[in-house]
Amino acid sequence: PRFIMNPDKSKKITGKVLFIMKNVIIKQTVLGQGMPKICAPLVEKDYESLIHQAESFTEQPVDVAEWRADWFDSILEPDILDQVLPGLEAALKDIPLLFTFRTQKEGGRLSAPHPAYRSLLEHAICSGHIQLVDLELFSGDDMVRETVDLAHRHQVRVILSNHDFAATPEEDDILRRLHHMEELGADIAKIAVMPQSAGDVLTLLSATNKASQSLSCPVITMSMKGTGLISRLSGEVFGSCLTFGSVKEASAPGQIEVGKLKDILTAIHENL
């Protein structure tokens, strides 16, 4: 099977409710257990460069590859996914492929009308060449539920995501958004926020810790820029299952090179 959901042996308690945190296992990658896994973005603008970059990932400490399709110049042309995805999956070999089209309102490079955004996600899900898809929380609950259902029927796991490039919401709001993602069927709940102070980073880390103890699905969180770099490194301590690093060009503020990232994550892991 391309993925399985695997209950972790450690039980977590929220109030009087006892539940088991589920890991998400895709190919050989386990999300939600042990050291945070490293995801690197594919951000090339044309097919030849994209495939070359994907091939280079197999020589790097990359656990998941994210194709940021909003960086690809011809992404909105008809049938482009049929031309790109088979070669991209083959180039990555055993590395799971996450398909992401980040909208401009959440930090993406390219604008797309809502119907085009939805069509891209559905086409990628049905292609048989991706293992994960990123779906933005504020796409609307109805679309989210329908897309999650489509993905699960095609054995694709869903990262429900939310990005705030202006500020860091209050802790309660961060937790509310993550819990809403779980309610909508997310396999993994993700939020990224922009810190205006060190206190904002503490807010994000505290929310991460509470979410990891109260949600049954794994969570991904990060505070961006250099100010929030510590949040990309300390996931194993606070409960974030995946962190983003760069192989060539970063796709968000604060990403560091995957080799350096792996060394730091390993050092933390060995001392816990």
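If you filter the range 150-185 for GluC sites (Glu not before Pro), then keep DSSP loop positions with at most 13 other Cβ within 10 Å, what is left? Don't jump to the answer; show the numbers that get you there.
Values: sites: E170, E171, E182, E183; in loops: E170.
Qualifying residues, ordered by number: E170.
Taking a 1.4 Å probe, which of M222, M35 shows the most accessible area, and what order do the others take after it? It would help to have the intermediate numbers written out before the result.
Details: M222 10, M35 35 Å².
From most accessible down to least: M35, M222.
Heavy-atom accessible area of H154 with all protein chains present, probe 1.4 Å, nearest 10 Å²?
Counting only protein heavy atoms, the figure is 80 Å².
Please arrange Y47, Y117 by accessible surface area, largest first, computed with a 1.4 Å probe and ligands excluded. Don't jump to the answer; show the numbers that get you there.
On the way: Y47 95, Y117 5 Å².
In descending accessible area the options line up as Y47, Y117.
Averaged per residue, what accessible surface does the chain expose to a 1.4 Å probe, in Å²? Display every interim value, and only then the final one.
Values: 11630 Å² over 272 residues.
Result: 43 Å² per residue.
Tell me, what HN-Hα J-couplings in whole Hz come from the Karplus equation 6.51 cos²θ - 1.76 cosθ + 1.60 at θ = phi - 60° for each residue of the range 49-66, using x for Gly and Pro?
Values per residue, Gly and Pro as x: 5, 5, 5, 4, 5, 4, 4, 5, 5, 5, 9, 10, x, 10, 8, 9, 9, 10 Hz.
Sort out for me the Cα centre separation of the range 135-153 from the range 51-85, rounded to whole Å.
First find each Cα centre; the distance between them is then 22 Å.
Within a Cβ distance under 13 Å of K105, other residues only, what is the Lys/Arg minus Asp/Glu net charge? All intermediate terms of the calculation are to be shown ahead of the outcome.
Values: positive: R102, R109; negative: D70, E106, E136, D164.
Here the charged neighbours net out to -2.
For the range 66-188, which whole-number percentage of the solvent-accessible area (1.4 Å probe, protein heavy atoms only) is attributable to carbon and sulfur atoms? Present the calculation step by step, with values, prior to reporting the outcome.
Numbers: 2350 of 4890 Å².
For the range 66-188, the apolar C and S fraction of the accessible surface comes to 48 percent.
For the charge dipole of the range 95-239, defined by +1 on Lys and Arg C-beta atoms and -1 on Asp and Glu C-beta atoms about the Cα centroid, which residue among F138, L205, I125 has the Cα displaced farthest towards the positive pole?
Toward the positive end, the furthest listed residue is I125.
Just need the relative contact order of the chain here, percent rounded to a whole number, with Cα pairs under 8 Å and 6+ apart.
Computed over the chain, the figure is 19 percent.
Ranked by accessible surface with a 1.4 Å probe, highest first, in what order do T208, T266 come?
Details: T208 5, T266 40 Å².
Largest to smallest exposure gives the sequence T266, T208.
Any chance you could give the angle, 0 to 90 degrees and rounded to 10, that helix 80-92 forms with the longest Cα principal axis of the chain?
Approximately 60 degrees, to the nearest 10.
To the nearest 10 Å², what's R153's accessible area with a 1.4 Å probe?
So the heavy atoms of R153 present about 150 Å² to solvent.
Report the accessible area of S74, computed with a 1.4 Å probe over the heavy atoms of all protein chains in place, in Å² rounded to the nearest 10.
Result for S74: roughly 30 Å² accessible.
In degrees between 0 and 90, to the nearest 10, how far off the longest principal axis of the chain does helix 258-270 point, with axes built from Cα atoms?
Rounded to the nearest ten degrees, it is 30.
Within the set K37/K260; K22/K225; K22/K210; K225/K260; K190/K225; K93/K248, which residue pairs have Cα atoms separated by over 21 Å? Display every interim value, and only then the final one.
On the way: K37/K260 14 Å; K22/K225 30 Å; K22/K210 16 Å; K225/K260 17 Å; K190/K225 17 Å; K93/K248 19 Å.
Violating the 21 Å Cα-Cα cut-off are K22/K225.
Where does helix 114-126 land angle-wise versus the long Cα axis of the chain, in degrees 0 to 90, nearest 10?
Orientation of helix 114-126: about 90 degrees from the principal axis.
State the Kirkwood hydrodynamic radius of the chain in Å, one decimal place, computed from all pairs of distinct Cα atoms. Intermediate values should be presented prior to the final figure.
Details: mean 1/r = 0.0539 Å⁻¹.
By the Kirkwood definition, the hydrodynamic radius is 18.5 Å.
Sequence neighbours fewer than 8 away in the same chain don't count; with that in mind, list the aspartates and glutamates whose C-alpha is under 15 Å from K45.
Counting by Cα, and skipping residues close in sequence, K45 has these aspartates and glutamates nearby: E66, D70, D73, E77, E249.
The values are calculated or read from the model by the stated rules, or taken from the named source; none is laboratory data. Source: prediction; values computed, not measured. Glycine gets a Cβ as well: all are built from the backbone with ideal geometry, and neighbour counts include every protein chain shown. For accessibility, only protein heavy atoms count, side chains too; no ligands or nucleic acids. Shrake-Rupley method; radii C 1.70, N 1.55, O 1.52, S 1.80 Å.
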